[in-house]
Amino acid sequence: MKSPVRVAVTGAAGQIGYSLVFRIASGEMLGKDQPVILQMLELPMEKAQAALKGVMMELEDCAFPLLVGMVGTDDAEVAFKDADVALLVGARPRGPGMERKDLLLENAKIFTAQGAALNKVASRDVKVLVVGNPANTNAYIAMKSAPDLNPKNFTAMLRLDHNRALSQLAIKAGVAVADIEKLVVWGNHSPTMYPDYRFATVGGSSLKDKIGDESWNRETFIPKVGKRGAAIIEARGLSSAASAANAAIDHLRDWVLGTDGKWATMGIPSDGSYGIPKDVMYGFPVVCKDGKYEIVSGLVIDDYSREMMNKTLAELEEERAGVASLLG
Ligand code: NAX
């Protein structure tokens, strides 16, 4: 039997957490032969801790053979102790009357503290995925607050946007999701993101040619993917949870187990590729192998794409400027 992997999940008793931890414990994220220890963090408030206890009771009641240990805590240093994987889901939601700037700052405080805790106690190879919004900037803050860890270990979730785009393309083209490859979503996890299927193939031939209709791309597809989160809230009265948890599973599974040469989208610190300034936490096309990701290089960026990529970059730079004072 393989030795267990320690998986930390913050906000484990929240909506996404409730969809996520059971799938991690059943082996859907790291493999059906990989035992896991779940280390779950929740806010210290009585209600949050009680809810976490309930989640842990249910995890016990599933009797997952791969779940070989569990910790529930309100202390980040306990949750992150020797963590091999950390899913940072818990975040401060926007309250009534709260400005976007205040939301950024409130979350910046959380992710500064959690980055520092990871820096102190996590495995030196910890793979961090930030889901809590604003995900890219929160991931950037955590990365900057963990100077002893490799910045490449910090990522933000663009995978839900990627999966949303995949399904819309499959529906439009009348093809199977599984047959579409080489899709990318550039930039920020926000309505400014740029889902780009110029390079996508279906059964080896161009998906763009198959779809043909460029006005559908600009007028329907891009706005639909960008506003999908709002459409889910409108329909469900609650934000995306099961699909977000599913995307987190996809992101980590691909990163750890590899993509077999296929592309995925990950929010990662830029290495300067495609003119995106170094360190900006930006959605890029990657392939993963042996626990590492690499940016797909050499793609041609046309004028429209550059404009779209710059727009989402400008938003990220603005967010970064908004929290700069906290990072020293
Ligand atoms: P919930 O409010 O249901 O759950 C969040 C949980 O986190 C709560 O139980 C809360 O007690 C806990 N929490 C808050 N601050 C914490 C902290 N500092 N330490 C530990 N736990 C803390 O939200 P949920 O629907 O689960 O969404 C979680 C986050 O994911 C939100 O920020 C949300 O905006 C974000 N999302 C990100 C997505 C993405 O694609 N990147 C998509 C889905 C989702 O909107």
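A short reminder: the numbers here are calculations on the coordinates, not readings from a lab. Since this is a predicted model, take the numbers as computed values, not measurements. When we count neighbours, we look across all protein chains shown, and the Cβ atoms used for this are built from the backbone with ideal geometry, even at glycine.
Please give the helix 15-25 orientation as an angle from the longest Cα principal axis of the chain, in degrees from 0 to 90, rounded to the nearest 10.
It works out to around 80 degrees.
Using +1 at the C-beta of Lys and Arg and -1 at the C-beta of Asp and Glu, which of Pro93, Val78, Gly54 has the Cα lying farthest in the positive direction of the dipole of the stretch 44-108?
So the residue we want is Pro93.
Select from Asp250, Asp161, Asp213 the residue whose mean-square fluctuation is largest in a Gaussian network model of the chain (Cα-Cα springs shorter than 10 Å).
Ranking Asp250, Asp161, Asp213 by mean-square fluctuation puts Asp213 first.
How high is the relative contact order of the stretch 158-322? Use alpha-carbon pairs under 8 Å, at least six apart in sequence, and give a whole percent.
So the answer I get is 26 percent.
Cα gyration tensor of the stretch 5-156, axes a ≥ b ≥ c as square roots of the eigenvalues: rounded (a/c below 1.5), prolate (a/b > b/c) or oblate?
On the way: a/c = 1.94, a/b = 1.29, b/c = 1.51.
Cα axes put the stretch 5-156 in the oblate bin.
Select from Pro35, Pro223, Pro285 the residue whose mean-square fluctuation is largest in a Gaussian network model of the chain (Cα-Cα springs shorter than 10 Å).
Among Pro35, Pro223, Pro285, the largest GNM mean-square fluctuation belongs to Pro223.
Using only Cα atoms, find the angle between the long axis of helix 303-327 and the longest principal axis of the chain, and express it within 0 to 90 degrees, rounded to the nearest 10.
Taking the Cα atoms of the chain, the angle to 303-327 is about 30 degrees.
Compute the angle between helix 135-144 and the longest alpha-carbon principal axis of the chain, please, reported from 0 to 90 degrees and rounded to the nearest 10.
60
Students often forget the sequence filter, so: which lysines lie under 29 Å Cα-Cα from Lys53 once same-chain residues fewer than 8 apart are removed?
Partners within reach: Lys2, Lys32, Lys81, Lys109, Lys120, Lys127.
Using the crude model of +1 on Lys and Arg Cβ and -1 on Asp and Glu Cβ, and no other charge, please compute the dipole size for the stretch 158-322 relative to its Cα centre, in debye to 20. Don't skip to the end; give the middle numbers.
Working: 20 positive and 23 negative charges, 80 e Å.
Result for the stretch 158-322 is approximately 380 debye, rounded to the nearest 20.
What number of lysine-lysine pairs in the stretch 158-322 show an alpha-carbon separation below 13 angstrom, given a sequence spacing of 8 or more or placement on distinct chains?
6
Along the positive direction of the dipole of the chain (beta-carbon charges: Lys, Arg +1; Asp, Glu -1; about the Cα centre), which of Ile232, Ser270, Ser243 reaches farthest?
Going by the charge dipole, the pick is Ile232.
Rank the residues Arg198, Arg6 as a footprinting-exposure proxy: fewest other Cβ atoms within 10 Å of their Cβ go first. Present the calculation step by step, with values, prior to reporting the outcome.
Numbers: Arg198 17, Arg6 21.
Final ranking by Cβ density, sparse to dense: Arg198, Arg6.
Checking the a/c ratio against 1.5 first, then a/b against b/c, what shape does the Cα gyration tensor give for the stretch 158-322? Intermediate values should be presented prior to the final figure.
Values: a/c = 1.15, a/b = 1.07, b/c = 1.07.
Here the stretch 158-322 falls in the rounded category.
Calculate the dipole size of the chain relative to its Cα centre from +1 charges on Lys and Arg beta carbons and -1 charges on Asp and Glu beta carbons; express the result in debye to the nearest 20.
120
How high is the relative contact order of the chain, in percent, with contacts defined as C-alpha pairs under 8 Å that are six or more residues apart?
17
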